[in-house]
1. Binning every alpha carbon pair distance of the range 438-534 at 5 Å from zero, what are the percents per bin?
2. Report, in degrees rounded to the nearest 10, the 0 to 90 angle that the Cα long axis of helix 580-590 makes with the longest principal axis of the chain.
3. If eta is 1.306 mPa s and T is 10 °C, what Stokes-Einstein diffusion coefficient results for the range 468-682, Kirkwood Rh from Cα pairs, in µm²/s?
4. Report the percentage of all Cα-Cα pairs in the range 210-279 whose separation exceeds 16 Å, rounded to a whole percent.
5. Where does the range 362-465 land on the Kirkwood hydrodynamic radius, alpha-carbon pairs, in angstrom?
6. Put a dot 7 Å past each Cα toward the Cβ at residue 132 and residue 291; how far apart are the dots in nm?
7. Quick check: from the Cα gyration tensor, does the range 242-305 come out rounded (a/c under 1.5), prolate or oblate?
8. Does the range 411-466 classify as rounded, prolate or oblate by the C-alpha gyration tensor (a ≥ b ≥ c root eigenvalues; a/c under 1.5 gives rounded; else a/b over b/c gives prolate, otherwise oblate)?
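Just so you know, all these numbers are worked out from the coordinates, no wet-lab data involved. Treat the numbers as computed from the prediction; the structure is a model and nothing was measured. As a convention, Cβ positions derive from the backbone with ideal geometry for all residues, glycine included, and neighbour counts pool all protein chains shown.
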């Protein structure tokens, strides 16, 4: 652009941004720059400084080598292959024909291969592949779209795929076409992508895959060839289509078209997780396949992080392995999203959407450790909070090691050696809390304890630019300040403090953790509290459960109430994966109506949800209408309390956060009631609704503590 305008000068990357120096009037150049930004670029801020120079600049405009200044934000995300690169890859006369690492300045792997800033080739895992003369000509050609493209390569000089059998022996022949043939013949395969690996198989092989992977009920993501295939399996609306086609290429939860096949993919659910190919290899794979769809799920031993090297992959005991020789620097799972009335609910914010930041008005440095499940970390510096990629559930040493690595990597990118505060959850048994305490001691940082649901509310305030909020924080469980398990709360929150202004009635968890899996125990507890009989246990079992009741932990969890409804209405009586009973109930709620009379039982700021369950038992009508009407009554009670709290505090907005808010029917109920009451409805659009957003909230609260 500078050359076309006849301007002399230079440009370079100083580690935190782009420095451009030109000789002449800057106005036209800046106007042209803003009008013609490349696809992956974004201007966060712009500072123009006039300089006096003693002599004229050298003629022409140059790109100078990057400098190691103050590090910052300029780490690009992994972005799906662009159409021009895809076209080259399928052009028999192009030198990159069928080359599975074809990319340009507008697409390809970035975050997953970057070791440090500035973003130059020697700081990535591409440094192992010196570029050939043909690639160098493109790299140095100002008119080429690969001009100064740091990961440029071709079949002569770049990374390569290879195929292995289950013992790790390399198989001769073209690897991707042979892998496709194996899948077609019924093999279970592992394919290495940008930030990790996928377990994959055809839909015909899915029954065997479920037995082999020991996942009888858990839904799996479906990668499909194109949008025509998307619409054969599901019914996306316009917003969901835009999400599917975005350069981030997330897995999108979309209403499934009912069939034997889709029910096998996501048993008992009304939606299906579906996504389009985003890597060069995946497009090539589909070009060799007869099938239009593949099961694609993260390749990991259950409970451990996704595998990123050959040796760990072989431990999965798959039939064949499609591997490549480029190192994965940053493990990065697929992002998972759900559309809600024009908002993007992140269930898992990862590939394509990290790194990214949320602005905060608090200065200083802090890290947030997250909760115990669905964790991501967060690092705050200079008014910005950066989330790590999705980490997983803190149930294994490998996951905690991954969390520490991800936090330290983000700190390195920000040139942050130590932090001033570490935000942790209140729960004394959380692995993230123990790690946070160790890091705080190592760095001489203040340890800041943050109640779980306060962190949810803070994450909502953070992304919405608010200083205070009244929020419904609804989830499975989070350790409360009174030592019980919360989860059906109405909180007033700012970044300095919070208080609980309402909640659901406490329900005993008979046998503790066992009640979360055997959800019949939740219904039994409802029955015992409500004075009615539940036939789910024989008399001997019932006697034992009654003995457990006085010593069992108690919870106000909205998630556990949904589990109980799911069980009582014969939708799901055992949780084999996280959220299963409530997720399967959503299918019922989606088709329900408010046609069954329910009396809201409220005692001050307590919603007597356990007592109200007896109304569900006594009610008549379709199961979906009974479920919908009961849940609607609970939401109405919580919103009433929220409205009173907002009026008391002079707040004009009410929000919703927590894992339950992923349920579109429940969020829609809350939105309608809040808006009818004359308040602005606030929901997530950037940070995850669930526990993936907790670390960002912890960081924001920790920063405020430093300011105090």
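1. The distribution over the range 438-534 is 3, 12, 18, 17, 15, 13, 11, 8, 3, 2, 1, 0, given as percents.
2. Tilt of helix 580-590: around 80 degrees.
3. Working: Rh = 17.3 Å.
Reported coefficient: 92 µm²/s.
4. Values: 1064 of 2415 pairs.
Considering the range 210-279, 44 percent of its Cα-Cα pairs are separated by more than 16 Å.
5. Numbers: mean 1/r = 0.0736 Å⁻¹.
Its Kirkwood hydrodynamic radius stands at 13.6 Å.
6. Each label point is offset 7 Å from its Cα along the Cβ direction, giving 3.4 nm.
7. Cα axes put the range 242-305 in the rounded bin.
8. oblate
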